[in-house]
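The values are calculated or read from the model by the stated rules, or taken from the named source; none is laboratory data. Just so we're clear, the structure is a prediction, and the values are computed from it rather than from any experiment. A quick note on method: Cβ atoms are made from the backbone with ideal geometry, for glycine too, and the neighbour counts reach across all protein chains shown.
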């Protein structure tokens, strides 16, 4: 009997906590406090800790330039700001993403144009991006949701043909690879989130802007620090910007974490492959299609319920699995085009800017139904995994999936 109907659960104990932070991170931070107490100097920013962290991040990425900022949302805001896009332009944005993956576009007085998802995926595609490109498009934001790479070659070819820069949102995809190349190195500039839920962290919140283009990254650093004239022969701030800096405490945590990142993502990959193998014989549920290949790093795993095979809805299937003690989430319906701030244009109070800007010449009332994205969220449930899952967690997940499928199979 299923647990949801009063039977015994597959698993009674909670899944293990991730335990992302340990003594190495604690000691790195305490050393800063000890030094501050000893010297009387304050703990600041743009110091040695940040330099070491950024060097470690760049080394992980195989070369380039990086700037630590205070959140992933700030990282995307800064990456876009570094492009100096004309006010009232259009920027293509992902169909499914955290609000912080789209709001920076509107806050920079650019009009977000939502590209639908590739069928069966949470990620977009070149075909869907081209559907929303207009003569006003000035940038494309590509997000690698769930740690799954977008199928990038067609996107890169498309962007090149239009002369449009790509900003990669790698918030959920630290270390993911597309055809052997790290995501974040494929576009013009990239944004990473390093908050405490991501693959590696710089503390409760944080972010990194990355580029292989030294001039562009310098422009990003200026924009992230109130337009300070880094690399210029002037004493005044050269553009308006916010104080979005990281800090030495965050960097101290990050420089320890970046050394562990490769190990953490490899373990996640192993766990995901083991889960896939353990449920490979099932017909009613299977892992979601990964359009960009097998280079994902699995911030979470997607599972599609085949309602032609089981006589139950996706939500009911997920609820039954959850009742067996497996911490799945029914849906990941984070569609910008459905958010009230987007549909009601709540960006700049007292106006409908950026849509209503006099300089915007596009279709002000364009709608974005994103049918593929909606369908994907309705067909998939998700399971967050981490590197401390063991063989018992993997076997319990598989057993619960099998138990539920067996109860509802046609």
Subject >> Condition check for residue 157: assigned to a strand (DSSP E or B) and at pLDDT 95 or above >> reply: no
Original post:
What's the number of the condition residue 366 fails, among (1) out of contact with any helix residue (DSSP H, G or I) (no Cβ under 9 Å at 6 or more places or on another chain); (2) surrounded by fewer than 15 Cβ atoms within 10 Å (Cβ to Cβ)?
Top reply: (1)
**OP:** Answer with yes or no whether residue 219 is under 18 Å from residue 75 (Cα atoms), part of a helix (DSSP H, G or I) and touching a residue at least 24 places away in the same chain (Cβ under 8 Å).
**Re:** yes
Subject >> Answer from 227, 231 - the residue that is out of contact with any helix residue (DSSP H, G or I) (no Cβ under 7 Å at 6 or more places or on another chain), in contact (Cβ under 8 Å) with a residue 12 or more places away in the chain and on the phi > 0 side of the Ramachandran plot >> reply: 227
**OP:** Find the helices (runs of 4 or more DSSP H) located wholly in region 10-119 whose residues include 3 or more that are surrounded by fewer than 15 Cβ atoms within 10 Å (Cβ to Cβ), and list them.
**Re:** 23-39, 48-61
**OP:** Residues that are over 30 Å from residue 4 (Cα atoms) and out of contact with any strand residue (DSSP E or B) (no Cβ under 7 Å at 6 or more places or on another chain): find the helices (runs of 4 or more DSSP H) completely inside region 312-385 holding 2 or more of those.
**Re:** 340-343
**OP:** Identify, by number, the condition in (1) in contact with a strand residue (DSSP E or B) (Cβ under 8 Å, 6 or more places away or on another chain); (2) surrounded by fewer than 22 Cβ atoms within 10 Å (Cβ to Cβ) that residue 175 doesn't meet.
**Re:** (2)
**OP:** Can you confirm whether region 392-402 contains a residue that is within 16 Å of residue 269 (Cβ to Cβ) and either modelled with pLDDT under 95 or not in a helix (DSSP H, G or I) (or both)?
**Re:** no
